[in-house]
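Q: Before I ask anything, here is the structure I am working with.
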Amino acid sequence: MNNEEKRNSLEPEDISSTSIVSKQEMAALPEAGPENAKPSVPIAIEKPESVEAIEQQDAPDGSPSSSVDPAPRTNEAVPPTAMKPVFVRKQRSFFEEQALPVIEMAPRMMRSRTRREVLAFGIGAAAVATGAGYLLPQNTLSRLGVHRDMNSRGKEWLLNNALRVDDDVAEALYSHNRMVPTYTKSQITPIKNNYNGATPEPGYIPGWKLTLDGISSGLSVSLDIRTLMSRFSVQEQITRFVCVEGWSAIAWWAGLRFDDLLRAYPPISQAKWARVESAINLDNSGNPDPYFVSIDLATARHPQTLLVTHHDGQPLTVEHGAPLRLLVPVKLGLKNVKAITRITYSVEEPKDYWARYGYSSYDGI
């Protein structure tokens, strides 16, 4: 069949339907997506013979006919008018900063969390502002329009309860398995004497003994330093000593575990506290001033709580509490009694040297 016969055999309706099919096929080609989309792959499109015949049709002047939209050949690239340019994102360099991950959360959940956090912050801020406000002088409160007069006992009650809340939080966070960081000998730093009061003379050391009271046997036991060092294994650790005054030091200590002493001489039933005392302590004038602290037995049983006998690999000096001192790394330094002479176990919390002056009695770190 020649070209004339092909043109005559191709009915108008065939041309219309073929043109529509060709355009639909072109529209089905994938368009370029966003920058991060994968590059498009050329797709081969099968075309009816009638379409090929139309593509071969020439105008009388020898130029291709434009009466029908030509479709791309299977072995040719898609014309620019049918495809948008494809942008391929380059691979990031290994050292290039990576984009932050996007975390999706349901808007309802986000609104709920935000409301709770705002309410909690608002309540806390209001409580702090109210408590702090009542501690202001009455003249200042009057100028602010507050006419309630809180006497000294009321202010003391408010402060004591604030400290109690702090102690409750510290106690709730305490864990027998939580260890304070340990260090190497190269990280050791000098530690101050910082004796509470005057440093005693070393004359007490030869006659020194540790007395244990409140033990299950109902007896009072006295132990000298030789007995303690021969009966119990010595443990070493390098930990940070934190003073309530704001300074700290990394020191190398050695001694027996408080927990080992508790196992050897069990306290009375239901005992929860220990009073650790030094009768050797002096005030700033050199007069006897017994120093005593309260230690909860949970803290006493902590693996890093020691009854120290050595510092820097040498027996304790008087400045550091010879011959036996308490070391509690999970407590502030004021709990670390030097030159211990007596330990008493009790069911109720005993008095504490600094708590009587309004300080916290727990002093956890």
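The values are calculated or read from the model by the stated rules, or taken from the named source; none is laboratory data. Since the structure is predicted, the reported quantities are computational estimates derived from the model, not experimental observations. So basically every Cβ, Gly included, is an ideal-geometry build from the backbone, and we count neighbours across all protein chains shown. Keep in mind that these areas ignore ligands, DNA and RNA; they rest on the heavy atoms of the full protein, side chains included. Shrake-Rupley method; radii C 1.70, N 1.55, O 1.52, S 1.80 Å.
Q: Mind checking which pairs have a first residue in the stretch 200-212 that is outside any helix (DSSP H, G or I) and a second that is open to solvent by 60 Å² or more (accessible area, probe 1.4 Å), Cβ under 6 Å, 6 or more apart or different chains?
A: So the pair list comes out as Lys209/Ser222; Thr211/Ser222; Thr211/Arg342.
Q: Out of all the residues in the stretch 237-257, is one or more in contact (Cβ under 8 Å) with a residue 60 or more places away in the chain, touching a strand residue (DSSP E or B) at 6+ places or on another chain (Cβ under 6 Å), of a type in the set (Ser, Thr, Tyr) and within 15 Å of Leu307 (Cβ to Cβ)?
A: Among the residues of the stretch 237-257, not one is in contact (Cβ under 8 Å) with a residue 60 or more places away in the chain, touching a strand residue (DSSP E or B) at 6+ places or on another chain (Cβ under 6 Å), of a type in the set (Ser, Thr, Tyr) and within 15 Å of Leu307 (Cβ to Cβ), which makes the answer no.
Q: Follow-up question, since we're still on this one. So in the stretch 213-236, with the set limited to residues that are polar (S, T, N, Q) and closer than 13 Å to Leu306 by Cα, which one is least open to solvent (accessible area, probe 1.4 Å)?
A: Taking the candidates together, the pick is Gln235.
Q: From (1) surrounded by 19 or more Cβ atoms within 10 Å (Cβ to Cβ); (2) within 34 Å of the chain's Cα centre (by Cα); (3) at pLDDT 95 or above, pick out the condition that doesn't hold for Leu332.
A: (3)
Q: Considering only the stretch 327-365, how many residues are closer than 24 Å to Ser220 by Cα, in a helix (DSSP H, G or I) and aromatic (Phe, Trp, Tyr)?
A: Matching residues across the stretch 327-365 total 0.
Q: Now for a separate question. Would you be able to say whether some residue in the stretch 195-208 is more than 14 Å from Lys338 (Cα to Cα), at pLDDT 95 or above and among the polar types (S, T, N, Q)?
A: No, the stretch 195-208 contains no residue that is more than 14 Å from Lys338 (Cα to Cα), at pLDDT 95 or above and among the polar types (S, T, N, Q).
Q: Please specify each residue of the stretch 171-214 satisfying the condition of being touching an Asp or Glu at 6+ places or on another chain (Cβ under 8 Å) and aliphatic (A, V, I, L, M).
A: Result: Ile188, Ala198, Leu210.
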